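Just so it is clear, none of the values below were taken in a lab; they were calculated from the coordinates. These numbers come from a predicted model, not from an experiment. Ideal geometry is used to build each Cβ from the backbone, glycine not excepted, and the neighbour counts take in all protein chains shown.
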Amino acid sequence: MKVIYRLAALLLLVVAGFTARAQGIAGGHITGSFQTDLQMSHADSVIGAQDVDEKLLLNARADILYQNGNFSAGLRFEAYQNPLLGFEPKNLYKGQGLANYFLSYSTDKLTVTAGNFYEQFGSGMILRTYEDRYLGLDNSLLGVNVAFRPVNGVTIKALAGKQRYYWNYADGIVRGLDGEVNLNSVVKSMADSKLRLTFGAGFVSKYEGDETIFQPENPEYKLNLPHNVGAGAARLDMSYGNWTLQTEYARKGQDPSADNDYIYREGEALMVSAGYSQSGFSAQVQAKRVDNMSFRSVRSQSGQMLYINYIPAITKQHTYAFLSLYPYATQTTGEMGMQADVIYSIPKGSLFGGKYGTDLSFNCAVITGLDTTQVGGRGTEGYTSKWLSTGDLYYGDFSVEVAKKLNSKLKLTATYAYQVFNPVVEGHAGSLHHNNVLIADLTWKVNKQHRLRFEAEWLGSDSRYTATSADRRAGDWVMGLVEWNIGRHWFVSASDQYAYNDGIGNYYNLSVGYNHQATRVTVGYGKQREGLLCIGGVCRQVPASNGLTFSLTTSF
Amino acid sequence: MKRIAIPIFALALMFASCDKIEPDANGNYTVYAGPEIMWSEGSAVADHGHNALVEKYTGPRCSNCPNADAALDAIHESLGSRLVVMSITHYQEEPLAGLDTRTDDGGEWARYFGVSYRPTAMLNRTNVNGQWDLFVGAPAISGIGSSINAVGSEQAKVAIDVTATQTGDSTDITFNVELLADVDYPLNITLAVTEDSLKYPQLTPTGTDPEYSHNHILREVITDLWGVEVTSSASAGKIYQGRIKVALKSVEDVKNAHIVAFATDAATRQVLNCAQCEVE
């Protein structure tokens, strides 16, 4: 932490010096944002909520960005006093201080950043550093990042750094190099071509010192660990008229880690996405195969921290409550799957389109494990896998959504979805859950000042709540929600989720909010179900809570 | 050309920074680790008493040493497991004949603690006003019992237990270290092997006993000489378990061997507690 404070002081000095030369801070401008979340919760044995010893929990952050010409500098202050429920381990999160700081200089040809930075190569399969405040995740790199653009259409990135680990930085060193060429910019004859082509390739290497890890059955022998682990990827992004195609293949060297129980099999991943779109219609098909591609800067790390790479999710990111009850968490150690997504707008004036037209959406996704054969345990190749053969079903869903404006004041969205969920993806044993979900979402613009939204959801599942499994998502559920927007400033919402069969729990929530320009204040009271919060296939376990929440966000 | 030379050079460097490990004939990516300790969560130690470690420096040419042996045997008789004895053959004591029980580790300790005379004993490696508290000569060692009793009446800072099982040529040693008080110093654990019933010539006050039975003889230190660190900062109640698998090649007969485990404050070298077990 001392290093952070010293560098923060340096940052302030540099900024001060710079502003003095640039005739004061008026030469640049400062932007920023602030967010604070408070939570109170008390015990509720039915939903499994625990008493909070601190009575009041707080997460807060302030982002400040200073820009002046080619120069920019930023910092982020974070406070967890103590962290909200679900930010575990609590002892590692709690605290406050400067969590992020950087200096950057950018011209047309060059961008140099020193300090904390976020970067992504391609789709992220070999490198993606990012932060998500709701997941409590920040794997930024502290180091140096350089982007060089020698000619229009060519970008070369190079970086080196250490990843943030709560309030410290991990020991592993990450180095990366990436190049991307847009042929339509580089080759003059292709400048106006319908065929748009971009190629890219990257390589990331991490260094980590030795440690002693034994084979359990042979404790006099320790693993001969690679200290430098590399991963490379090549990608293509092309389009022709209404057609698009993106694909990326990544390969990783031997990387024995806690994620794969220290096996030496090399990793690989392939992702293909093809699409077609025209007015009123779009279709996209995605497929991926991931084999042993967990890539972290510390081999012994588990949970969601210290990932160097990111495996994109290809399941639909649902927003309705019962559709997102069983989110799919990407299995970086091995999975394969496909997704198809079709959107069609039935034209206005047609038989089914009516006066205002009708929007239809279809989505279907299937994710399975790999078909593997075990060849050994820790300290061996681990397993072999058949490339096009699938393993156990992990997740499947099909959803159809119809959105129709009924008249000038009413809009109805109706959704049906069918989901199959394998609890093994959350690390639990058990049989497949089969869920049917029906949703009706009606928005009524009462007048210019008032808007009401009604939401009704039903979930029918073959899962059953038992004290042993303690899965409080199980069973059959109904939900109702009313949301009232009053003018531009106020909103009130009330909702209740109730397990009427084979489940347990009654989760009611009431919230009131006020918006003014870039400021939003929300106060809520109710019960939060325990479960997984997933964003982009990356998940955080959220425990049950029962009490008051307060949120304030603003930007300037 | 210069523009692409730098990225190509950088790319070559990057690809070079990727290790490739080759497996052995059995498909294992392992190397011999030597005796290293595997750590895990421990289980509570049943005995929270404060045991005493007496390190007795002797030698086959030390005619007064058998008297010290007899005195310690008598104390041992009354105290049982509260007393652990390691008999260290002084590095200057060449054997009269037969077995040479000097060890490099014992020699290092003797030099470090300034042990010149035989017999000399140390109780828990205690330092008083900058001087190691040595019991020099058989009469002094005979009177060590009251000091051992004083140790036993003190509250222990850590509790230790140790077990050892023999499978083929391999000895599997498991020990638990339970913190009975907060630790804010480097807490080390040392494992050593002693052996009883070793028969080799010994000078006695009355002559030479060619078949003298030597007990508690230090045969080797399994860990580093000054032990391996358990923790340097932890709260009372924390329990550590260590497991190590070794081949006890130094001993004549495993059935007569004991595993001695003792915890020390690595900053002061003081022994905080100890335990020993037979090899089952």
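Principal semi-axes of the equivalent ellipsoid, √(5λ) from the alpha carbon gyration tensor of segment A:107-312, are 34, 21, 16 Å from largest down. Simple rule: put +1 on each Lys or Arg Cβ and -1 on each Asp or Glu Cβ in the protein assembly as shown, find the dipole, and look at B:THR194, B:LEU179, A:ASN509; the Cα lying farthest toward the positive end is A:ASN509. Under a Gaussian network description of chain B, with springs only between Cα atoms under 10 Å, the residue in B:GLY152, B:GLY168, B:GLY137 that fluctuates furthest is B:GLY168.
Counting only DSSP beta bridges whose two residues both lie in the protein assembly as shown, roughly 95 percent are antiparallel.
Residues of segment A:325-359 with an amide N closer than 18 Å to a point placed 7 Å from the Cα of A:ALA274 along the Cα-to-Cβ direction: A:337-343.
Its Cα centre serving as origin, chain B has a Cβ charge dipole (Lys and Arg +1, Asp and Glu -1) of approximately 840 debye.
Quick check on my link table: of A:LYS109/A:LYS252; B:LYS56/B:LYS199; A:LYS348/A:LYS411; A:LYS348/A:LYS409, which ones sit more than 20 Å apart, alpha carbon to alpha carbon?
Over 20 Å Cα-Cα: A:LYS109/A:LYS252.
The value of relative contact order for chain A, using C-alpha pairs under 8 Å at least six residues apart, is 11 percent. Inter-chain Cβ neighbour count for A:262-275, averaged per residue, equals 1 (cutoff 10 Å, partner chain atoms only). Here r is the Cβ-Cβ distance between A:LYS348 and A:ALA440 and R0 is 22 Å; the resulting FRET efficiency, rounded to 0.05, is 0.45. Name the shape class, rounded, prolate or oblate, that the alpha-carbon gyration tensor gives for chain A, where a ≥ b ≥ c are the square roots of its eigenvalues, rounded holds for a/c under 1.5, and otherwise prolate holds if a/b is larger than b/c and oblate otherwise. Rounded is the answer for chain A, as its axis ratio a/c remains below 1.5. Per the helix-only calculation at 222 nm, which mean residue ellipticity applies to chain A, given -39500 (n - 2.57) for every DSSP H run of n ≥ 4 and division by its residues, nearest 500 deg cm²/dmol? About -1500 deg cm²/dmol. Full extension of the chain segment joining A:TYR508 with A:GLU266 gains 82.3 nm, where the gain is 0.36 nm per residue of separation less the Cα-Cα distance. A straight chain from A:ILE486 to A:ALA403 at 0.36 nm per residue would run longer than the Cα-Cα distance by 27.5 nm. Of the cross-linked pairs A:LYS94/A:LYS316; A:LYS157/A:LYS206; A:LYS94/A:LYS527, which ones have a Cα-Cα span greater than 28 Å in the structure shown? Cα-Cα > 28 Å for A:LYS94/A:LYS316; rest within.
Karplus-derived 3J(HN,Hα) values for segment B:140-146, using 6.51 cos²θ - 1.76 cosθ + 1.60 with θ = phi - 60°, are 5, 5, 4, x, 6, x, 5 Hz; glycine and proline are entered as x. Candidates A:HIS489, A:ALA274, A:ASN82 compared by Cα position along the dipole of chain A: farthest toward the positive end lies A:HIS489, with charges placed on Cβ. Adding -39500 (n - 2.57) for every DSSP H run of four residues or longer, then dividing by how many residues chain B holds, sets the calculated 222 nm ellipticity at -6000 deg cm²/dmol.
Give the Kirkwood hydrodynamic radius (Å, one decimal) of chain B, defined as one over the mean of 1/r across all pairs of different Cα atoms. Answer for chain B: a Kirkwood hydrodynamic radius of 20.6 Å.
Summarising the label geometry, the points placed 7 Å from Cα in the beta-carbon direction at A:THR31 and A:HIS450 lie 3.8 nm from one another. In terms of other Cβ atoms within 10 Å, A:ASP471, B:ASP100, A:ASP108 run from fewest to most in the order A:ASP108, B:ASP100, A:ASP471.
A simple spin-label model places the labels of A:LEU432 and A:TRP458 2.4 nm from each other, with each point 7 Å out along Cα-to-Cβ.
Each peptide in A:57-67, B:52-62 was scored by the mean count of other Cβ atoms within 10 Å over its residues; highest first, the order is B:52-62, A:57-67. Between rounded, prolate and oblate, where does segment A:266-389 land on the alpha carbon gyration tensor, with a ≥ b ≥ c its root eigenvalues, rounded for a/c under 1.5, else prolate if a/b exceeds b/c? Prolate shape, in that a/c is at least 1.5 and a/b is the bigger ratio. Under 18 Å from a label point set 7 Å out along the Cα-to-Cβ vector of A:PHE199, the amide N atoms of segment A:92-132 belong to A:122-123. Each part gets one Cα centre, and for segment A:442-464 versus segment A:144-209 those centres are 44 Å apart. When cysteine pairs in chain B are screened for C-beta atoms closer than 4.7 angstrom, the residues that find no partner are B:CYS18, B:CYS274, B:CYS277. Remark on A:ALA49: its backbone amide H falls under 5 Å from those of A:ASP44, a criterion applied only to residues 5 or more positions apart or on other chains, H modelled at 1.01 Å from N.
Each label was represented as a point 7 Å from its Cα along the Cα-to-Cβ direction; for B:ASP253 and B:ASP209 these points are 1.7 nm apart.
Among B:GLU229, B:GLU36, the order by Cβ neighbours within 10 angstrom, fewest to most, reads B:GLU229, B:GLU36. Ignoring lysines fewer than eight residues from A:LYS194 along the same chain, none have Cα atoms less than 19 angstrom from its Cα. The mean number of partner chain beta-carbon atoms within 10 angstrom of a residue's beta-carbon across peptide A:205-215 is 3.
Phi angles across segment A:377-385 convert, under the Karplus curve 6.51 cos²θ - 1.76 cosθ + 1.60 with θ = phi - 60°, into 3J(HN,Hα) values of x, 4, x, 10, 5, x, 7, 10, 9 Hz, Gly and Pro given as x.
Taking Cα centre as origin and charging only the Cβ of basic (Lys, Arg, +1) and acidic (Asp, Glu, -1) residues, the dipole magnitude of the protein assembly as shown rounds to 5300 debye. Relative contact order, whole percent, for segment B:162-214 stands at 21, derived from Cα pairs under 8 Å and 6 or more residues apart. Shown for A:GLU381, B:GLU108, B:GLU93, A:GLU335: other C-beta atoms within 10 Å of each C-beta, ranked fewest to most, produce the order B:GLU108, A:GLU381, B:GLU93, A:GLU335.
Subtracting the Cα-Cα distance of A:ALA62 and A:ARG133 from 0.36 nm times their residue separation leaves 24.4 nm of extension gain.
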